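> To start, I am sharing the structure in question, which I have written as C-alpha cells.
The values are calculated or read from the model by the stated rules, or taken from the named source; none is laboratory data. Just so we're clear, the structure is a prediction, and the values are computed from it rather than from any experiment. Reconstructed Cβ throughout: ideal geometry from the backbone, glycine too, with neighbour counts over all protein chains shown. For the accessible areas, the whole protein counts, side chains as well, though only heavy atoms, and no ligand, DNA or RNA atoms are used. Shrake-Rupley method; radii C 1.70, N 1.55, O 1.52, S 1.80 Å.
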Amino acid sequence: MAKHPTDAETEVPSAVDSESYPDSAAVAPPSEATPSSRLSRRSFLSHLGAAGLAAAAPPVLASTSTPTAPPAAQKEALTEGTVALNLRVNGQSHALQLDPRTTLLDCLRENLALPGTKKGCDHGQCGACTVHVNGRRVNSCLSFAVMHRNDEITTIEGIGQPDHLHPMQAAFIEHDGYQCGYCTSGQIMSAVAVLKENVGPTDADVKQAMYGNICRCGAYSNIVAAVQQVRHST
Ligand code: FES
Ligand code: FES
C-alpha cells in the first residue's frame, strides 16, 4: 500500500487545479487560523479531548463504586442480537458474529483490523471506503457485512504490500497522487477497478470514471496522471 505521509509532512496547496474532477471548493479543508490565533493541533486536541470527556463521561467518571460485571441477562441480550457469518476478505476466510446492522466498512476496520479502508463521510458521498466485491468497486459504508456471505472482498491490503506494490500503488507514489493520503486507498481501489471497466482513453474519461472519489487535498491532476500511466502500460 502506498505510504501515506503524516500530517506534519503534508501541505495543502495554495491553489487547487482548476481541472480537478469534483468541485474541490465544496470539499476544501478548513482554512488555517491566523498566526496570532493558531493553536497547535496537539494543544487543540488535548483541549477538545478534555472537554469531550467532561461532557460525555460524567455518569462513568463520577461513579466511585467498583465496576461490576454486566448481569448475565444483559450479556445474553448482547449475544442474542448478533448473527454468525463467514466472510472472505483478501483470500482469507473469517468466522464472525456481528450485529446485523454492521456495515461492511465497520466490519473491515473494527472486526477484522484492516484499517486501510477509510471512513470519510459514511454516507456514500466521498469514496474513501471503496473496496472490491467480486471484482467490482463498492462503497463499503453503504453495504451491510451480512449481505456478503460467499462474496470475494478485496481491500487495499489485498492488492499489494510495501515490498510488493500493485502498479497503481507505485504510480500514485511516482506521481505524488496524494497529500494527506486519507482518500488514497479509496482512490487506488477505484483506479484499479477502472483498469477493467469500459472507460474511454482520455483524461476526461478517467475523471468521469473516478467522480465518486473525493480528494479534499485536491490531488486530482496527479491522480489522473497515475491512473493514465498504468492504463497505458498494461
Ligand atoms: S465513507 Fe463511504 S462513501 Fe464516504
Ligand atoms: S490526499 Fe488528502 S484527501 Fe486526498
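> Using protein chains only and a probe of 1.4 angstrom, how many square angstrom of Y211 are accessible, to the nearest 10?
Accessible area, nearest 10 Å²: 120 Å².
> Between rounded, prolate and oblate, where does the range 156-213 land on the alpha carbon gyration tensor, with a ≥ b ≥ c its root eigenvalues, rounded for a/c under 1.5, else prolate if a/b exceeds b/c? Could the numbers behind the result be given before it?
Details: a/c = 1.85, a/b = 1.51, b/c = 1.23.
In terms of gyration-tensor shape, prolate.
> Estimate the FRET efficiency between N198 and Q161 by the formula 1/(1 + (r/R0)^6), using the beta-carbon distance for r and 30 Å for R0, to the nearest 0.05. Show your work: numbers first, answer last.
Working: r = 30 Å, r/R0 = 0.98.
So the FRET efficiency works out to roughly 0.50.
> What's the carbon and sulfur percent of the range 116-234's accessible surface, probe 1.4 angstrom, rounded to a whole number?
50
> Residues of the range 140-234: accessible area per residue at 1.4 Å, in Å²?
Working: 4330 Å² over 95 residues.
I get 46 Å² per residue for this part.
> Still on this model: Just need log10 I(q)/I(0) for the range 118-234 at q = 0.10 Å⁻¹, Debye formula, equal scatterers on the alpha-carbon atoms, no solvent, rounded to two decimals.
-0.27
> Also, I was wondering about something else. Are there GluC sites (Glu not before Pro) in the range 134-234 that DSSP puts in a loop and that have at most 14 other Cβ atoms within 10 Å, and which ones?
Working: sites: E152, E157, E174, E197; in loops: E197.
Passing both the DSSP loop test and the Cβ count: E197.
> Under a plain spin-label model, where a point goes 7 Å from the Cα along Cα-to-Cβ, how far apart in nm are A113 and M147?
With each label placed 7 Å out from Cα toward Cβ, I get 2.8 nm.
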